[in-house]
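One structure below.
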Amino acid sequence: MRRTVYLAVTLAVVAILAAATPISTAPNNPASELALLSATSRFHVQLGDLLTMNGKFDLARREYAAAANLTRAEGYLPVNELRRIANTYYFEQNYTNAMAVLEGFAREAGSLGEVEMQVWALADAAWIAGLADDQELMEGYLERVEVL
(Lines give C-alpha, C1' and ligand atoms only; values in the text may rest on other atoms or scores of the structure.)
Protein backbone atom coordinates (compact mmCIF):
# COMPACT_ATOMS: atom_id res chain seq x y z
CA MET A 1 0.00 0.00 0.00
CA ARG A 2 2.73 2.42 1.00
CA ARG A 3 4.68 1.55 -2.16
CA THR A 4 1.64 2.28 -4.33
CA VAL A 5 1.16 5.69 -2.69
CA TYR A 6 4.87 6.38 -3.13
CA LEU A 7 4.69 5.49 -6.83
CA ALA A 8 1.59 7.64 -7.30
CA VAL A 9 3.30 10.62 -5.67
CA THR A 10 6.41 10.09 -7.78
CA LEU A 11 4.34 9.94 -10.96
CA ALA A 12 2.53 13.14 -9.92
CA VAL A 13 5.86 14.92 -9.39
CA VAL A 14 7.04 13.76 -12.80
CA ALA A 15 3.84 15.06 -14.38
CA ILE A 16 4.37 18.45 -12.73
CA LEU A 17 7.97 18.58 -13.96
CA ALA A 18 6.89 17.67 -17.47
CA ALA A 19 4.21 20.37 -17.41
CA ALA A 20 6.80 22.93 -16.31
CA THR A 21 9.10 22.18 -19.27
CA PRO A 22 9.92 25.38 -21.16
CA ILE A 23 8.20 25.85 -24.50
CA SER A 24 11.54 26.20 -26.28
CA THR A 25 12.42 22.63 -25.32
CA ALA A 26 9.06 20.92 -25.77
CA PRO A 27 6.47 23.16 -27.37
CA ASN A 28 2.87 22.68 -26.30
CA ASN A 29 1.58 24.86 -29.09
CA PRO A 30 1.51 23.01 -32.41
CA ALA A 31 2.08 26.26 -34.31
CA SER A 32 5.26 27.09 -32.40
CA GLU A 33 6.36 23.46 -32.60
CA LEU A 34 6.05 23.42 -36.35
CA ALA A 35 7.82 26.77 -36.69
CA LEU A 36 11.00 25.12 -35.41
CA LEU A 37 11.02 22.58 -38.21
CA SER A 38 11.93 22.84 -41.85
CA ALA A 39 9.12 22.89 -44.38
CA THR A 40 9.83 19.29 -45.39
CA SER A 41 9.81 18.09 -41.81
CA ARG A 42 6.56 20.00 -41.17
CA PHE A 43 5.03 18.33 -44.20
CA HIS A 44 5.90 14.87 -42.86
CA VAL A 45 4.50 15.69 -39.40
CA GLN A 46 1.29 17.12 -40.82
CA LEU A 47 0.84 14.18 -43.18
CA GLY A 48 1.51 11.82 -40.26
CA ASP A 49 -1.14 13.62 -38.22
CA LEU A 50 -3.65 13.28 -41.05
CA LEU A 51 -2.86 9.58 -41.43
CA THR A 52 -3.15 9.07 -37.67
CA MET A 53 -6.56 10.74 -37.64
CA ASN A 54 -7.63 8.29 -40.34
CA GLY A 55 -6.34 5.27 -38.46
CA LYS A 56 -3.47 4.56 -40.88
CA PHE A 57 -0.91 4.15 -38.13
CA ASP A 58 1.77 2.27 -40.09
CA LEU A 59 1.88 4.97 -42.74
CA ALA A 60 1.80 7.69 -40.07
CA ARG A 61 4.80 6.14 -38.33
CA ARG A 62 6.75 6.26 -41.59
CA GLU A 63 6.01 9.96 -41.96
CA TYR A 64 6.92 10.70 -38.35
CA ALA A 65 10.14 8.70 -38.71
CA ALA A 66 11.05 10.70 -41.83
CA ALA A 67 10.37 13.92 -39.93
CA ALA A 68 12.45 12.66 -36.99
CA ASN A 69 15.39 11.96 -39.27
CA LEU A 70 15.15 15.44 -40.78
CA THR A 71 14.90 17.01 -37.34
CA ARG A 72 18.02 15.14 -36.22
CA ALA A 73 19.82 16.29 -39.37
CA GLU A 74 18.89 19.86 -38.43
CA GLY A 75 20.56 19.32 -35.07
CA TYR A 76 17.47 18.97 -32.89
CA LEU A 77 16.11 16.21 -30.69
CA PRO A 78 12.94 14.91 -32.43
CA VAL A 79 10.78 15.18 -29.32
CA ASN A 80 7.36 15.50 -30.88
CA GLU A 81 8.05 13.15 -33.76
CA LEU A 82 9.06 10.33 -31.40
CA ARG A 83 6.11 11.01 -29.10
CA ARG A 84 3.80 10.84 -32.11
CA ILE A 85 5.29 7.49 -33.12
CA ALA A 86 4.72 6.21 -29.57
CA ASN A 87 1.16 7.56 -29.70
CA THR A 88 0.37 5.59 -32.84
CA TYR A 89 1.35 2.40 -31.05
CA TYR A 90 -0.66 3.49 -28.01
CA PHE A 91 -3.74 4.07 -30.19
CA GLU A 92 -3.36 0.50 -31.45
CA GLN A 93 -2.97 -0.70 -27.84
CA ASN A 94 0.48 -1.98 -28.76
CA TYR A 95 1.97 -0.95 -25.45
CA THR A 96 5.18 -2.93 -25.90
CA ASN A 97 6.20 -0.99 -29.00
CA ALA A 98 5.03 2.31 -27.52
CA MET A 99 7.30 1.73 -24.51
CA ALA A 100 10.17 0.70 -26.81
CA VAL A 101 9.89 3.99 -28.71
CA LEU A 102 9.81 5.95 -25.47
CA GLU A 103 12.76 3.97 -24.15
CA GLY A 104 14.74 4.87 -27.28
CA PHE A 105 13.63 8.49 -26.93
CA ALA A 106 14.87 8.50 -23.32
CA ARG A 107 18.25 7.08 -24.38
CA GLU A 108 18.61 9.63 -27.17
CA ALA A 109 17.62 12.50 -24.88
CA GLY A 110 20.06 11.26 -22.23
CA SER A 111 22.91 11.07 -24.72
CA LEU A 112 22.27 14.73 -25.60
CA GLY A 113 22.00 15.84 -21.96
CA GLU A 114 18.28 16.59 -22.26
CA VAL A 115 17.35 15.36 -18.78
CA GLU A 116 13.86 16.90 -18.81
CA MET A 117 13.02 15.09 -22.03
CA GLN A 118 14.50 11.88 -20.64
CA VAL A 119 12.26 12.18 -17.57
CA TRP A 120 9.28 12.94 -19.77
CA ALA A 121 9.86 9.86 -21.94
CA LEU A 122 10.40 7.56 -18.95
CA ALA A 123 7.32 8.93 -17.17
CA ASP A 124 5.22 8.27 -20.27
CA ALA A 125 6.69 4.76 -20.50
CA ALA A 126 5.80 4.19 -16.83
CA TRP A 127 2.24 5.30 -17.49
CA ILE A 128 1.94 2.95 -20.46
CA ALA A 129 3.44 0.10 -18.44
CA GLY A 130 0.68 0.77 -15.91
CA LEU A 131 -1.91 0.54 -18.69
CA ALA A 132 -0.32 -2.73 -19.76
CA ASP A 133 -0.78 -3.91 -16.17
CA ASP A 134 2.97 -4.45 -15.76
CA GLN A 135 3.57 -3.15 -12.24
CA GLU A 136 7.19 -4.31 -12.15
CA LEU A 137 8.09 -2.52 -15.37
CA MET A 138 6.23 0.61 -14.27
CA GLU A 139 8.18 0.66 -11.00
CA GLY A 140 11.42 0.21 -12.94
CA TYR A 141 10.68 3.25 -15.09
CA LEU A 142 9.70 5.32 -12.06
CA GLU A 143 12.89 4.34 -10.24
CA ARG A 144 14.89 5.52 -13.25
CA VAL A 145 12.99 8.81 -13.15
CA GLU A 146 13.84 9.23 -9.47
CA VAL A 147 17.54 8.78 -10.22
CA LEU A 148 17.41 11.60 -12.75
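So for the stretch 123-142 (the condition being within 16 Å of the chain's Cα centre (by Cα), part of a loop (DSSP other than H, G, I, E, B) and buried (at least 21 other Cβ atoms within 10 Å of the Cβ)), does at least one residue qualify? No, the stretch 123-142 contains no residue that is within 16 Å of the chain's Cα centre (by Cα), part of a loop (DSSP other than H, G, I, E, B) and buried (at least 21 other Cβ atoms within 10 Å of the Cβ). Taking the criterion of being within 23 Å of Gly75 (Cα to Cα) and either of a type in the set (Val, Ile, Thr) or at pLDDT 90 or above (or both), the residues of the stretch 30-62 that qualify are Thr40, Phe43, His44, Val45, Gln46, Leu47, Gly48, Asp49, Ala60, Arg61, Arg62. Reported count of residues in the stretch 91-108, each being part of a helix (DSSP H, G or I) and either at pLDDT below 95 or over 11 Å from the mean Cα position of the chain (by Cα) (or both), is 6.
The values are calculated or read from the model by the stated rules, or taken from the named source; none is laboratory data. Keep in mind it's a predicted model, so treat the numbers as computed, not measured. So basically every Cβ, Gly included, is an ideal-geometry build from the backbone, and we count neighbours across all protein chains shown.
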